[in-house]
Amino acid sequence: MSSIRKGLLQTVFSGAYMKRWNDKLRPAELYEVDKQAHKMIIAWLLLQENSRDMTAEERLVLGDRIVEWGIFDYLFRLVITDIKPPVYYRIKENPEHYRQLVAWVQGELEPVLSTLGADFWMRFLAYFDSDRKHELADDILAAAHCYASSWEFKLIEGLNAFDDELDEIRESFLDQQKEFQALKGFPELMNPKTHALGKLANLCGQLRFQKRWSQMPRIPETSVMGHMFLVGCYSYFFSVVQDACPARRQNNFFCGLFHDLPEMLTRDIISPVKKSVKELDVLIKAYEDEELERRVFQPLRDEGYTDIADRLGYFLGTETGSEFHDCIEQNGKVQRVTFDELQSIYNDNSVNPKDGEMLKVCDELAAYIEAYTAVRNGISINELNQAMWRLRDKYRKISIGNIHIGALMSDFD
């Protein structure tokens with residue numbers, strides 16, 4: 001039987017420590033978990049653009065590949081963190097050396113991933129099989145990786161003019177970008193000044209710079225973007241354990257990945273502040289909705305990307321009033337349902353189910369781990385301890401499906 005364990009959640013969180021470009025001068029610290037969030041946002045946009053002519057079943061298969069393989073890539077990179085990219089690519093050129101590296105990584109990850117069940121573990125093994133056929137999902141993930149990494153490079157490029165590797169790195173990115181020009185949506189993504197897709201991708205990237213718990217010292221600090229990726233991964237793992245259908249699994253991952261998107265317009269405002277003034281949270285929500293329409297949805301619609309605007313709206317709960325509502329789409333309309341109904345009669349691809357209640361649990365679980373990790377790292381201030389206590393007390397007796405949240409939190413001692 002599959003289950004969620006502390007080790008899995010902490011492994012995913014460890015990307016918040018993993019610095020990128022750490023041999024270069026940087027205007028701000030760049031972390032792996034933020035880059036992965038940006039990469040998967042780009043992968044979702046490319047998924048939308050490259051699946052329009054597919055059947056519903058083909059789109060689901062492609063979406064499953066992109067989400068799961070993206071997570072597999074991230075976990076793999078967490079283990080090989082000390083290997084510099086040029087060295088890693090040299091290893092990949094030697095089949096035997098790469099096979100040995102993959103076997104070692106799989107051995108390191110088996111204790112935390114095997115709790116998700118034999119099927120999930122076998123899919124993880126199959127992804128790294130050297131005989132696996134190259135697919136469209138591979139191209140989309142590679143293009144998304146290229147975009148997110150080159151976006152970071154543009155940030156540091158001007159500060160590293162003295163670096164003799166700079167020209168080689170720049171040429172490498174230009175060569176990669178040429179390879180993906182035939183991929184639908186990629187040229188538009190690379191032009192943020194003239195295309196709505198590029199503007200959205202660039203705007204999302206700025207969530208890297210918004211720190212969570214900004215008024216409190218923490219180790220590690222997490223950004224809004226990194227937090228979104230954590231919630232997306234946790235939501236996906238929860239979905240696997242709940243035996244969610246493919247559409248529901250994918251929706252839950254992408255809902256987690258986008259759930260704090262409005263904060264690029266209002267900044268991260270913690271709950272105590274929102275609740276400190278009567279109806280302040282209602283005012284903030286109204287402002288977020290207005291700005292989302294003006295800066296995200298309307299520009300997309302103006303350039304013919306109405307389907308992307310509508311999908312983002314579904315993820316963000318624009319029709320029900322909150323991203324944390326359980327809902328389905330039936331007869332062209334969004335309908336609120338209960339978690340029990342999702343688990344039984346609506347756990348079906350045809351109604352495009354989405355978990356809101358479970359997303360809220362994963363959101364607060366990620367916040368709990370952020371506070372817990374900071375306290376364990378020596379930042380034991382009252383606000384963090386109080387946040388941990390409130391969340392543990394809230395979920396002490398709460399289960400969602402077959403996952404007891406109180407028992408899971410109690411593992412963090």
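Out of the trypsin sites (Lys or Arg not before Pro) in segment 166-234, which ones are loop residues according to DSSP with at most 16 other C-beta atoms within 10 Å? The partial results should precede the final answer.
Details: sites: 170, 178, 184, 193, 199, 208, 211, 212, 218; in loops: 184, 193, 212, 218.
Those satisfying the criteria are 184, 193.
Work out how much length residue 286 to residue 394 would gain on full extension: take 0.36 nm times their residue separation and subtract the Cα-Cα distance, in nm to one decimal.
Working: separation 108, 0.36 × 108 = 38.88 nm, distance 2.73 nm.
Here the answer is 36.2 nm.
Can you send over the carbon and sulfur percentage of the accessible area for segment 52-102, probe radius 1.4 Å, protein chains only?
Details: 1540 of 2920 Å².
Result for segment 52-102: 53 percent of the exposed heavy-atom area is carbon or sulfur.
Can you sort 3, 223 by solvent-accessible area, 1.4 Å probe, largest first? Write out the running numbers ahead of the final one.
Working: 3 40, 223 5 Å².
Largest to smallest exposure gives the sequence 3, 223.
Mind listing the long-range amide H neighbours of residue 330? Cut-off is under 5 Å, sequence gap 5 or more, other chains count too, H placed in the peptide plane at 1.01 Å from N.
Placed amide hydrogens put 335 under 5 Å from residue 330.
Which value, in Å² and to the nearest 10, is the accessible area of residue 384 when all protein chains are kept and the probe is 1.4 Å?
Approximately 0 Å² for this residue.
Probe 1.4 Å, all protein chains in place: accessible area of residue 84 in Å², nearest 10?
Counting only protein heavy atoms, the figure is 90 Å².
Roll a 1.4 angstrom probe over the protein heavy atoms and tell me the percent of accessible area of segment 322-363 that is carbon or sulfur. Each step should come with its number before you reach the end.
Values: 790 of 2000 Å².
Heavy-atom surface of segment 322-363 belonging to carbon and sulfur, 1.4 Å probe: 39 percent.
Considering only protein heavy atoms and a probe of 1.4 Å, how much of the accessible area of segment 116-176 is carbon and sulfur, as a whole percent? Spell out each step's value before the answer.
Working: 1710 of 3190 Å².
Accessible surface attributable to carbon and sulfur in segment 116-176 totals 54 percent.
What residues have an amide H closer than 5 Å to that of residue 222, excluding those fewer than 5 places away on the same chain, when H is modeled at 1.01 Å from N in the peptide plane?
212
Which order do you get for 6, 354 if you rank them by accessible area with a 1.4 Å probe, largest at the top?
Values: 6 50, 354 0 Å².
Reading off the accessible areas and sorting them downward yields 6, 354.
How much area per residue is accessible in the chain when the probe is 1.4 Å and only protein heavy atoms are counted (Å²)?
46
Could you check which residue among 311, 52, 90 shows the biggest mean-square fluctuation in a GNM of the chain with a 10 Å Cα cutoff?
Highest fluctuation among the options: 90.
Mean-square fluctuation check for the chain, GNM, Cα pairs under 10 Å: which of 18, 40, 122 is largest?
With Cα springs under 10 Å in the chain, the top fluctuation among 18, 40, 122 is at 122.
Along each principal axis of its Cα atoms, how long is segment 274-413 end to end? Whole angstroms, biggest number first, please.
51, 37, 29
Where is the GNM fluctuation largest for the chain (alpha-carbon springs, 10 angstrom cutoff): 195, 325, 145?
The residue that fluctuates most here is 195.
In nm, to one decimal, how far is the modelled label at residue 344 from the one at residue 52, with both set 7 Å along Cα→Cβ?
For the pair residue 344/residue 52, the computed spacing is 4.1 nm.
What residue among 401, 75, 60 has its Cα farthest toward the positive end of the dipole of the chain, where the charges are +1 on Lys, Arg and -1 on Asp, Glu, each on the Cβ?
With unit charges placed on the Cβ atoms, the residue in question is 401.
The values are calculated or read from the model by the stated rules, or taken from the named source; none is laboratory data. Everything numeric in this text was worked out from a predicted model, so none of it was measured. Methodologically, a virtual Cβ is constructed for each residue, glycine included, from the backbone with ideal geometry; neighbour enumeration extends over all protein chains shown. We work out accessible area using only protein heavy atoms, side chains counted, and drop any ligands, DNA or RNA first. Shrake-Rupley method; radii C 1.70, N 1.55, O 1.52, S 1.80 Å.
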